[in-house]
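All of the numbers you see were taken from the coordinates with simple rules; none came from a lab. Note that the coordinates shown come from a computational prediction; the quantities given were computed from them, not determined experimentally. Note that we place each Cβ from the backbone using ideal geometry, even for glycine, and neighbour counts take in every protein chain shown.
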Amino acid sequence: MHELSITQSLLDIALRHADEAGATRINELKIVVGELSSIIDDSVQFYWDMISHDTIAEGALLTFKRIPAALRCDDCGHEFPLNREQFTCPACGSGKIRVTSGDEFYLESIDVNLEPESER
């Protein structure tokens, strides 16, 4: 259910930036989501369709780019992809590992139509 508040934030950000740019329509939002994020694309799309109704963002395409999870060993510095079967460094066996990517969630870009210069 947290996708509703996240989607509302995305809409607010998109509308604010579109307004500042003098946009007449929002065509697409590119959203980056890490593998470890609990964001469900279909849920965001569902809420987007509901809350963007009657705005310049209605019908905008939401494009999701997934970032794989990566880890780094604090002991030996080895970087490696997440393996959900093993939670230790494959190089040295240390359990001192941290996430270096895969927990992202952000709006990467917004594609809009701008009103002609003469109408501003």
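Right, I97: β-branched (V, I, T), surrounded by 13 or more Cβ atoms within 10 Å (Cβ to Cβ), under 30 Å from D111 (Cα atoms) and in contact (Cβ under 8 Å) with a residue 12 or more places away in the chain or not? Can you show your working first?
Working: β-branched (V, I, T): yes; surrounded by 13 or more Cβ atoms within 10 Å (Cβ to Cβ): yes; under 30 Å from D111 (Cα atoms): no; in contact (Cβ under 8 Å) with a residue 12 or more places away in the chain: yes.
No; evaluated as a whole, the condition is false for this residue.
Report, by residue number, each residue of segment 43-69 that is surrounded by fewer than 16 Cβ atoms within 10 Å (Cβ to Cβ), out of contact with any helix residue (DSSP H, G or I) (no Cβ under 9 Å at 6 or more places or on another chain) and farther than 25 Å from A21 by Cβ. Listed by number, the list holds a single entry, P68. Selection within segment 93-120: residues that are touching a strand residue (DSSP E or B) at 6+ places or on another chain (Cβ under 8 Å) and in a loop (DSSP other than H, G, I, E, B). The member of this set that is farthest from L11 (Cα to Cα) is S94. Hey, can you tell me all the residues within segment 76-109 that are of a type in the set (V, I, T) and within 30 Å of T7 (Cβ to Cβ)? Residues satisfying the conditions are V99, T100.
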